[in-house]
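Q: Next up is a structure, given as C-alpha cells.
The values are calculated or read from the model by the stated rules, or taken from the named source; none is laboratory data. Fair warning: this is a prediction, and the values are worked out from it, not measured in the lab. Every residue, glycine among them, receives a Cβ derived from its backbone with ideal geometry; neighbour counts consider all protein chains shown.
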Amino acid sequence: MNDEKKTALITGASAGIGKSFAEVFYKNGFNLVLTARRTERLEALKEALLELSPDQKIDVISADLSDVDAPKQIFNFCRERNIHIDALVNNAGYGNPESFEEISWSTHAAFLQVMVAAVTELIHLFLPAMTENQYGRIINVASLAPYIPPADRGGLYSPVKIYQIKLSQGIHFEYMDQGIFCTAVCPGLTRSEFHIAANMPDVANTPNFLWMTSETVAEQGYKAVMSGKSLIINGWLNRFFALISKSIPMRVTKRIGKYLTDKRLN
C-alpha cells in the first residue's frame, strides 16, 4: 500500500465474519466504512478499533440491504463524504432453512435482494472508481454449501452462493488486468451468530474439528484477495469435503441431506 490510506467498505460488519473482516482490514492499515442494521454494534466496534489505532478513520452507516434503495444510499453516503472505496466486502447474509414452498414469496424476495441484487449493485456502483484508480479488492463471502450434498429445506441458500462464486470469478477475470481482484471466500462451519439467526441451534453441537473461527476465515480471505485469487475454500478439511463430494452418488447425497435436516429439526 502507498502512503495514502485506502478504505474498505464492509457489509454485515456488526458481528461474525463481517466484524472479523473489519478487524483484519483495519489491522492492515485501511480506513473503514462499516454498515449493518445494528448501529449500536457498529459504534461499539468503531470505538474498540479506534482505541487500537486512532490515526485511522472509521465511518458507520446503518442500512438494511433488503431495502432496494440501500445500496444507493450507501454509495451516496460515501460520495457525499468524498470517501473513495478501494476494497468492498460483501458479507451481509443469512439463511432460510425451511421447505421452499413454506417460505413466503416476500421472504424469498427479501433474501434475493440481500444476497444477489445488493451484492451485484454494490459492485456495480463502486467498480467504476476502482477502474479509474486501477486498484480494487472485492470479496464476496460465499460458502462451502455449493460444494457439498444439499440439505433438505435449504431454501435458496446454495443457489445464491453459486451465483456469488460465479459473479466473483467473472469480475475477477474481467478486471484483473486493471489491478482489481475479486475473490469468493467459501467458509464451512464458522463460529458466529449465523446458525442461531437461521434457527439452526443444533448445528452448533457438531464436533469442534469441523469448525473454523471467523478470525481465521477473514485472515485467509484477506490474504487470498490481496494475492489475486478468485476463489478460496477455507480450511483443508472443507477443501477435502468439496473434492470428495463430486464423486458421491446422488442417492447418498440425498440421505446425507435428510440426515442433516433431521438433525436440525430434532
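Q: Check off (1) within 18 Å of the chain's Cα centre (by Cα); (2) assigned to a helix (DSSP H, G or I); (3) farther than 23 Å from residue 220 by Cα; (4) at pLDDT below 95 for residue 101 and give me the number that stays unchecked.
A: (1)
Q: Still on this structure, please answer the following. With respect to residue 120, determine if the residue is surrounded by fewer than 20 Cβ atoms within 10 Å (Cβ to Cβ), in contact (Cβ under 8 Å) with a residue 40 or more places away in the chain, under 22 Å from residue 21 (Cβ atoms) and not charged (D, E, K, R).
A: yes
Q: Residue 87 fails exactly one of the following numbered conditions: (1) surrounded by fewer than 21 Cβ atoms within 10 Å (Cβ to Cβ); (2) in contact with a Phe, Trp or Tyr (Cβ under 9 Å, 6 or more places away or on another chain); (3) closer than 22 Å to residue 213 by Cβ. What is the number of that condition?
A: (1)
Q: I need a count of the residues in region 217-236 that are buried (at least 16 other Cβ atoms within 10 Å of the Cβ) and within 14 Å of residue 189 (Cα to Cα).
A: Within region 217-236, residues that are buried (at least 16 other Cβ atoms within 10 Å of the Cβ) and within 14 Å of residue 189 (Cα to Cα) number 5.
Q: Within region 84-98, which residues are in contact with a helix residue (DSSP H, G or I) (Cβ under 8 Å, 6 or more places away or on another chain) and either in a helix (DSSP H, G or I) or not small (Gly, Ala, Ser) (or both)?
A: 84, 85, 86, 88, 89, 90, 91, 94, 96, 97 - these are the residues of region 84-98 that are in contact with a helix residue (DSSP H, G or I) (Cβ under 8 Å, 6 or more places away or on another chain) and either in a helix (DSSP H, G or I) or not small (Gly, Ala, Ser) (or both).
Q: I'm trying to understand the selection: among the residues of region 104-141, which are assigned to a loop (DSSP other than H, G, I, E, B) and at pLDDT 95 or above?
A: Those that are assigned to a loop (DSSP other than H, G, I, E, B) and at pLDDT 95 or above: 134, 135.
Q: I need a count of the residues in region 23-49 that are in contact (Cβ under 8 Å) with a residue 40 or more places away in the chain and either part of a helix (DSSP H, G or I) or surrounded by fewer than 16 Cβ atoms within 10 Å (Cβ to Cβ) (or both).
A: Summing the residues that are in contact (Cβ under 8 Å) with a residue 40 or more places away in the chain and either part of a helix (DSSP H, G or I) or surrounded by fewer than 16 Cβ atoms within 10 Å (Cβ to Cβ) (or both) in region 23-49 gives 4.
Q: Go through region 73-83 and report how many residues are assigned to a helix (DSSP H, G or I) and surrounded by 13 or more Cβ atoms within 10 Å (Cβ to Cβ).
A: Matching residues across region 73-83 total 7.
Q: Could I ask something else about it? Any idea which of 55, 67 is out of contact with any Leu (no Cβ under 7 Å at 6 or more places or on another chain), on the phi < 0 side of the Ramachandran plot and modelled with pLDDT of 95 or more?
A: Values: 55 fails: modelled with pLDDT of 95 or more.
It is 67.
Q: Can I ask one more? Here's a check for you: in region 203-216, which residue that is under 17 Å from residue 95 (Cβ atoms) and surrounded by 14 or more Cβ atoms within 10 Å (Cβ to Cβ) is modelled with the lowest pLDDT?
A: The extreme case among them is 203.
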